[in-house]
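Novice: One structure is given below, represented as structure tokens, and several questions about it will come after.
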Amino acid sequence: MERILTALAKGFASLLHPKMLWLMVWPMLVALVLWVTLGALYWSETARWIDFQLHQWPVYEWAVSIWPMTLIAAWFGWLLLLALFAPAVLITAVVIISIVSMPAMVAYVSERDYPDLARRKGGTFAGSVWNALAALILFSALFILSLPLWLIPPLWPVLPLALFGYFNQRVFRYDALAEHGSAAEIAETVRRSRGELYLLGVTLALIGHIPLVGFVMPVYGGLAFIHYGLARLGELRAEPIEGAARRV
């Protein structure tokens, strides 16, 4: 937990630099314009489609037969879209940042805090794009599969944290290490730190649910994962040379 708290603290310190200001603004604006446009064009049709699909599930039919769920059954598709709007904007901003902005963020953090860490360029731009798309596809699949569980009140606060925690770490871990780690080092760092990476993602998901603070979460999350990833990479390289030689 100490390593996670250190990454969060260093990520916050990096966030305060003026270079990060524009990175906080433009991805959110692009994501907001995109989803407002899509909402204006397809909101009603999507709400009707969601309502139709939900009625195919016996669990949903049972849930909306119980008061007070009967009161919102007719509007559930609309309410679900409203609930998903802000997360959709954040997810889109995270994907944009991971593909477009992370190289600049990594360069800033590494030059300032990890100047002696050699760059072995084990990642690629194509790898970054594929990683972001794979994270988005897997997240969407998990969300759809877990949708009936969202009708169970005790799971409401748990499911968003679990899903967004997975999404955050899946998106950011590759880009945080792509410039400095070799392909073997990236894989080894992720393997060793899988649990802490997920916990860091969950923590950032929790921060993202704080009103207004969620606006800076995509950039803050990227910075926190960069600090965490580069610190772990430095530790990996500091191990005995014979162990490192087998991984590079």
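Novice: Report the extension gain between residue 142 and residue 100 in nm, rounded to one decimal, defined as 0.36 nm multiplied by the number of residues separating them, less their alpha carbon distance.
Specialist: 12.6 nm is the gain from fully extending residue 142 to residue 100.
Novice: Taking all protein chains as present, what is the carbon and sulfur share of the accessible area of region 110-224, in % to the nearest whole number, probe 1.4 Å?
Specialist: Of all accessible area on region 110-224, carbon and sulfur atoms account for 73 percent.
Novice: Only residues of region 129-159 count here: report those whose backbone N is under 19 Å from the spot 7 Å along Cα→Cβ of residue 83, or say none.
Specialist: Answer for region 129-159: 139-159.
Novice: OK, next. Would you mind computing, in nm to one decimal, how far apart the modelled labels at residue 191 and residue 19 are, each placed 7 Å from Cα along Cα→Cβ?
Specialist: 3.3
Novice: Moving on to the next point. So what is the accessible area of region 168-248 per residue, in Å², with the probe set to 1.4 Å? Numbers along the way, then the final one.
Specialist: Details: 3200 Å² over 81 residues.
Each residue of region 168-248 exposes 40 Å² on average to a 1.4 Å probe.
Novice: Using bins 5 angstrom wide from zero, how does P(r) for region 103-248 break down, in % of all Cα pairs?
Specialist: 2, 9, 18, 20, 19, 13, 8, 5, 3, 1, 0
The values are calculated or read from the model by the stated rules, or taken from the named source; none is laboratory data. Predicted, not measured: the structure shown is a model, and the values here were computed from it. Cβ coordinates were reconstructed from backbone atoms using ideal geometry, including for glycine residues, and neighbour counts include every protein chain displayed. Side chains are part of the model used for accessible areas, which takes the heavy atoms of the whole protein and leaves out ligands, DNA and RNA. Shrake-Rupley method; radii C 1.70, N 1.55, O 1.52, S 1.80 Å.
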